[in-house]
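Any read-out appearing in this document is the output of simple, stated calculations on the displayed coordinates, not a laboratory observation. On a predicted model such as this, the values are computed, not experimentally measured, just so you know. FYI the Cβ positions are ideal-geometry reconstructions off the backbone, even for glycines, and counts take in every protein chain you see.
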Amino acid sequence: MKLFLLIARNVRRSYVRSGLTVLGTMVLVFVMTLVWSILAFLGDAMAEKSSNFKAIVTERWQIPSQMPFAYADSLSQGAATKPDDVRPTDSMTWQFYGGTTEKGTRTRENTVFAFGMQPSKINTMMDDLDSLPAKEAAELQAVIDKLESNRQGLILGRDRLAALKKQVGDRITLYGINYKDIDLEFEIVGTVPAGRYDNNAFFNRDYLLAAIDQYNDKHTDPHPLTEKSLNLVWLRVPDAETLRKVTAQIDSSSDYTNPQVKCETQSSGISAFMEAYSGLIWAMKYVLSPVIFVTLALVIATAISIAVRERRTELAVMKVLGFRPWQLLLLVLGEATLLGLIGGGLSAAATYVVVNIVMGGLKFQIGFFAAFFIPAAAIGWGLALGGGAALLGSVMPAFAARSVKVAEVFSKVA
Amino acid sequence: MPAKPIVRVKNVHKFFTRGSERLDVLNGLSLDVAEGEFLGLMGPSGSGKTTLLNLIAGLDRPSSGEVLIGNDRVSAMSEGQLASWRTRSVGFIFQFYHLLPVLSAYENVELPLLLLPLSSSERKKQVTTALELVGLTDRMKHRPGQLSGGQQQRVGIARAIVTDPLLIVADEPTGDLDARSADEILDLLGELRQALKKTILLVTHDPRAAQRADRVLHLDKGRLVEAAEVVG
């Protein structure tokens, strides 16, 4: 306790140096918190769940998956045909439609990536949207009702709406990117709650199917994506045993031979999809994170080394008074660790508040994840990272303090 | 001079090496200091005064020979034993005071007591007594930067006596003070010596300071060259 008070007083000795050390720690912990939050989110998404999980049905041999829409109904039932076959508790289909608001010109601002699906599934099957607080859930239900009643409705994420410089009620035309020559006219009927879908859009799948039919009626050759418009089917199953049975039903069905399909857990599906980003994720884990940690330790080591050098006489006096070398070692380690803990804790807490509450998530597109949030555990990461790096960085200066030779110091003073 | 020696330095040699060069600082020096004696050590720079003080105070070890303080063989102690011994047995007064700038006068005086198994109330009693003895009870909450040089040295003296040590060593305690403050500090040392019956070793270049001692020893090139009884 007495030593801690001395540590606290020494930290207050130079507000500028302590402040700069804390600031440096905060900046690096901020970057590290963002990186780790993304990694933790992806890790969680790719981790196997034990119950109430989702399975994905995709084309077996090709990415991106492109299946005929004729698969949709039976796959949504888990290929159940007999009375005793197992059925999923819920399901949804995804049909991706990318378009721009200006024909022939594609920019970050004018591009919309939209999920074509059954409106009623938006708030029962979409991650996060299926577990909203009551007020937000009611608001979303009202928007979904509009989409049910207006086949040309479009629900936009808030950032996308802002990027397009549009408002709810406006009408827009999207010129197809993947569905070449199939342009869709929409009325914006609402927005999704702030979060991971801020840059996405949702529309009624029936509108896309009708547009494909209309194209085929007007052209001699069918649209190239006519038999490839179903991208994913999602199934909700209560447990692993049900999933195993559903997978067996789909695998043994003769209805899905051209192309063949596969059924896997959401985490496996996401892992396979994220394989394309494995290099980026590897670099974040094994290059960026260690570099930040070492930089942080060096920043703290420099500041503490200067402090120890300036205080050699004082440390010598403490030795003269009877302080043991290990007590001086602890004093220096304690000062550095205290600064690291303050900087790390403050930074992680501030990052949590700013990213989650002020910014509504970190907008960083990886695969179909558009926004990331800082988990509450990040406060613990910040403390551990700041404290750990400070402890590591202060080992050498602490040993220098421990080894101060009293006679040498005073011969120089005199 | 009282007969019973409390400091015994027996045939002490001390040398340092710089590269391949050997520097002999003390050459077979022997010295006894009686309990309650006020001893002055004088000599030119490099004569070995501070080295001798460091050996007696347990801050350094002799290359050969023995240093005994009371019943403790200081020259044979480990670094850890020396640290503990210093806290209990020696009070230091420095030329440049060397107070910790982040601590108040009270906290600076309390610092060596933190290393002893004392309760908070015991520490408070001892610190208050020490500050009363040096006449600084009204400045106990001041930081060193808020005190004059003379006041800082008084705090340094209070820190030196707060553990009730056997021996007080003072290395040029008036060297950084004006004449008036120096006299006040020397008066205070004299009063403390009378009141507490402490043994005091004073290293100084100042003949006026040396005059306050019972006995003055002169060192030159690591040897005692002269001893003089000083009256008063």
Inset, instruction - Describe numerically, in nm with one decimal, the distance between label points set 7 Å from Cα along Cα→Cβ at residue A:255 and at residue A:73. - result: 0.9
Inset, instruction - For residue A:3 paired with residue A:149, estimate the spin-label separation in nm (one decimal), with each label point 7 Å from Cα along the Cα-to-Cβ line. - result: 7.2
Inset, instruction - For residue A:230, list long-range residues whose amide hydrogen, built 1.01 Å from N in the peptide plane, is under 5 Å from its own amide hydrogen. - result: A:67, A:69
Inset, instruction - Using the structure shown, select from A:82/A:146; A:285/A:363; A:166/A:228; A:54/A:166; A:121/A:285 the pairs with a Cα to Cα distance greater than 26 angstrom. - result: A:82/A:146; A:166/A:228; A:54/A:166; A:121/A:285
Legend entry - Dmax and Rg, reported as Rg then Dmax, of segment A:1-93 (C-alpha, Å): 27.3, 79
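What is the sum of charges around residue A:169, taking Lys and Arg as +1, Asp and Glu as -1, for the other residues whose C-beta is under 12 Å from the C-beta of residue A:169? Show your work: numbers first, answer last.
Values: positive: A:146, A:166, A:171; negative: A:170, A:187.
Result for the local shell: +1.
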Legend entry - Shielding score for B:93-106, defined as the mean number of other chain Cβ atoms within 10 Å: 4
Legend entry - Computed Rg/Rh of segment A:52-123, alpha carbon atoms with Kirkwood Rh: 1.09
Inset, instruction - State the number of lysine pairs found in segment B:78-232 whose Cα atoms come within less than 21 Å, restricting to pairs 8 or more positions apart or on distinct chains. - result: 4
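Provide Rg over Rh for segment A:157-236; use the alpha carbon set for both Rg and the Kirkwood Rh (inverse mean inverse pair distance). Walk me through the numbers on the way to the answer.
Values: Rg = 14.6 Å, Rh = 14.4 Å.
Checking Rg against Rh, the ratio lands at 1.02.
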Inset, instruction - Based on a Kirkwood Rh over C-alpha pairs, give the Stokes-Einstein translational diffusion coefficient of segment A:68-221 at 37 °C and viscosity 0.692 mPa s in µm²/s. - result: 199
Legend entry - Over segment A:114-219, relative contact order from alpha-carbon pairs under 8 Å, at least 6 apart, %: 36
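Which order results if A:300, A:122, A:357 are arranged by neighbouring Cβ count within 10 Å, fewest first?
With the fewest neighbours first, A:300, A:122, A:357 line up as A:357, A:122, A:300.
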Inset, instruction - Please check which bits of segment B:7-29 a label hung off residue B:35 would reach, taking the label as a point 7 Å along Cα-to-C-beta and the cut-off as backbone N under 18 Å. - result: B:7-9
Inset, instruction - Evaluate E = 1/(1 + (r/R0)^6) for residue A:350 and residue B:21, where r is the Cβ-Cβ distance and R0 equals 60 Å; express this FRET efficiency to the nearest 0.05. - result: 0.55
Legend entry - Fraction of the pair-distance distribution of chain A above 41 Å, Cα-Cα pairs, percent: 35
Inset, instruction - Within a 10 angstrom radius of each residue's Cβ in A:322-328, how many Cβ atoms of other chains show up on average? Whole number is fine. - result: 5
Inset, instruction - Quote the relative contact order of chain A in percent (integer), defining contacts as alpha-carbon pairs under 8 Å separated by 6+ residues. - result: 26
Legend entry - FRET efficiency estimate (nearest 0.05) - Cβ-Cβ, residue A:377 to residue A:226, R0 45 angstrom: 0.45
Inset, instruction - On a 0 to 90° scale, report how tilted helix B:120-133 is relative to the longest principal axis of chain B, with both axes built from alpha carbons and the result rounded to the nearest 10. - result: 80
